[in-house]
Amino acid sequence: MINKTSRNKLRRKRHLRVRRKVQGTEERPRLSVYRSNTQYIVQIIDDSKEHTLVQARSSEIKPGVNKETAEAVGKLIGERALANGIETVVFDRSGYLYHGNIKALAEAARAAGLKF
């Protein structure tokens with residue numbers, strides 16, 4: 001009998017393992033990334049109040065899940081965060097590898113002015 005585990009189940013296990021250590025506070029909220037088959041959803045969350053401060057989705061910009069869209073969403077979340085007075089965040093990659101599109105999104109947010 002072969003134990004088949006889906007990629008998403010493995011990602012969720014990694015995500016829970018990371019979330020035990022990564023907490024967003026009022027001073028340094030958590031920048032959470034979610035990638036679906038059709039879009040990116042990025043939120044800046046204050047875990048102490050359980051409140052989403054800023055959010056951006058790729059469907060606001062253009063459809064698709066590729067590197068250019070990831071960079072555009074990273075730039076958008078960075079601009080919105082700075083407009084709301086958020087300068088430093090804790091990056092939560094949600095169990096995704098820090099590679100490719102997730103890395104491009106994070107670097108675009110840094111280039112827009114966020115510190116993490």
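Please report the net charge: other residues with Cβ closer than 12 Å to the Cβ of Glu87, K and R +1, D and E -1. Present the calculation step by step, with values, prior to reporting the outcome.
Values: positive: Arg28, Arg110, Lys115; negative: Glu27.
With Lys, Arg at +1 and Asp, Glu at -1, the neighbours total +2.
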ask   = Cα gyration tensor of segment 73-116, axes a ≥ b ≥ c as square roots of the eigenvalues: rounded (a/c below 1.5), prolate (a/b > b/c) or oblate?
value = prolate
task = Please list 14-22, 34-42 highest first by mean number of surrounding beta-carbon atoms within 10 Å per residue.
result = 34-42, 14-22
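Which number gives the lysine pairs in the chain that have C-alpha atoms under 17 Å apart and are eight or more places apart or on different chains?
Numbers: Lys4/Lys13; Lys13/Lys21; Lys62/Lys75; Lys67/Lys75; Lys67/Lys103; Lys75/Lys103; Lys75/Lys115; Lys103/Lys115.
Lysine pairs, 8 or more places apart or on different chains, close enough: 8.
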query = With springs only between Cα atoms under 10 Å, which of Gly100, Gly85, Gly74 fluctuates most in a Gaussian network model of the chain?
reply = Gly85
message = For a test of the definition: using alpha carbon positions, the gyration tensor, and the 1.5 limit on a/c, classify the chain as rounded, prolate or oblate.
response = oblate
remark   = Out of Ala104, Ala70, Ala83, a Gaussian network model of the chain with alpha-carbon springs under 10 Å gives the largest mean-square fluctuation to Ala83
message = Could you tell me the center-to-center distance, by alpha carbons, between segment 77-107 and segment 1-70 in angstrom?
response = 10 Å
note = The answer for Val90, listing residues at least 5 apart or on another chain whose modeled amide H is closer than 5 Å to its amide H, is Arg30, Leu31
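Throughout, read-outs are computed from the coordinates displayed, never taken from laboratory work. As the structure is a prediction and not an experimental result, all values here were calculated from the model. A quick note on method: Cβ atoms are made from the backbone with ideal geometry, for glycine too, and the neighbour counts reach across all protein chains shown.
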